[in-house]
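First the structure, in the form of structure tokens, and then the observations on it.
The values are calculated or read from the model by the stated rules, or taken from the named source; none is laboratory data. Quantities reported herein were computed from a predicted structural model and do not represent experimental measurements. Neighbour counts are summed over all protein chains in view; Cβ atoms, including those assigned to glycine, are modelled from backbone coordinates with ideal geometry. SASA here: full protein model, heavy atoms, side chains in, ligands and nucleic acids out. Shrake-Rupley method; radii C 1.70, N 1.55, O 1.52, S 1.80 Å.
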Amino acid sequence: MKVYTIVVGKLPNCTYVIENDGAAILIDPAWDLEKIYEILETQKLTPKAALFTHGHYDHLTNASKLLEHFNIPAYIEQADEEMSGLPVKYLKTFKGDQEKEIAGLKIKFLHTPGHSPGSTCYYTEGLLFSGDTLFPGAVGRTDLPGSDNAQMQRSLERLSKLPPDTIVYSGHPYGSDGGAATTIGKEVKTNPFMRLALEDPKAFDEML
Ligand SMILES: [Zn+2]
């Protein structure tokens, strides 16, 4: 198994390609489809599914074209389905936590609302794709329609219980080093938002 990080769009966002035995899972494929196609072609990978961490436009702009191009299913939590505007034809909407086998990998879908009602983190083999729930040194905004501070606090508490060596691949390269990756252990120790969420939920709510 191998993970390719592709930085796309103007914000920018991160699209991830998880490779396993020649098959691929795409996390939040968006914006610069040619960059995504190039990795798939050069590495000779067959995409099996697209997993969306949530329904905000910056994680799925142009995704419809990609779904059509490969004719693959698109997974998204039901609470974010409508705002995503993804074509129903490809949608595999789910509700809450799930466990599915895709491209030969067991993927745990962890429903982690807070940034958006349908925000979901995807966990496989010691890796967590956290979308806009958890970033290196930060957490997702909760001032948007459908955001919820209390839900974000509970979601962060939940993620904090994953093994400390879990590698986190987040939805934007917002880290102080310009990267999008971190570990659960590092965030539990050093992320001020995560620490406050764990130690003082009331103060966390007031800070956000
Ligand atoms: Zn978002």
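In Å², and per residue, what accessible area does the chain have when probed at 1.4 Å with the other protein chains present? Could the numbers behind the result be given before it?
Working: 9410 Å² over 208 residues.
Heavy-atom SASA per residue in the chain reads 45 Å².
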Item to check | Under-5 Å amide H pairs with N62, H placed in peptide plane, nonlocal only | outcome: W31
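Rounded to the nearest 20 Debye, what is the dipole magnitude of the chain about its Cα centre when Lys and Arg each give +1 and Asp and Glu each give -1 at the C-beta?
Details: 20 positive and 28 negative charges, 63 e Å.
Value, rounded to 20: 300 debye.
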Next on the checklist: Suppose each label sits 7 Å from its Cα in the direction of the beta carbon; what would the E38-D165 distance come out to in nanometres?
Outcome noted: 3.4 nm
Checklist outcome for this item: Taking protein heavy atoms only, a 1.4 Å probe, and rounding to whole percent, the accessible area of the stretch 75-181 owed to carbon and sulfur comes out at 47 percent
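Count charges around R195 for me, please; just the other residues with Cβ under 10 Å from its Cβ, Lys/Arg as +1, Asp/Glu as -1. Each step should come with its number before you reach the end.
Values: positive: K189; negative: E187, E199, D200.
So the surrounding residues net to -2.
If you put +1 on each Lys and Arg Cβ and -1 on each Asp and Glu Cβ, how big is the dipole of the stretch 85-198 around its Cα centre, in Debye rounded to 20?
On the way: 13 positive and 11 negative charges, 45 e Å.
I would put it at about 220 debye.
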Item to check | Highest average packing first - 19-30, 95-106, 147-158, Cβ atoms within 10 Å | outcome: 19-30, 147-158, 95-106
Checklist entry - What is the gain in length, in nm to one decimal, between K2 and D200 on full extension, counting 0.36 nm per residue of separation less the C-alpha to C-alpha distance? => result 67.6 nm
Checklist outcome for this item: Amide H proximity to I102 below 5 Å, modelled H, separation 5+ or other chain, gives I107
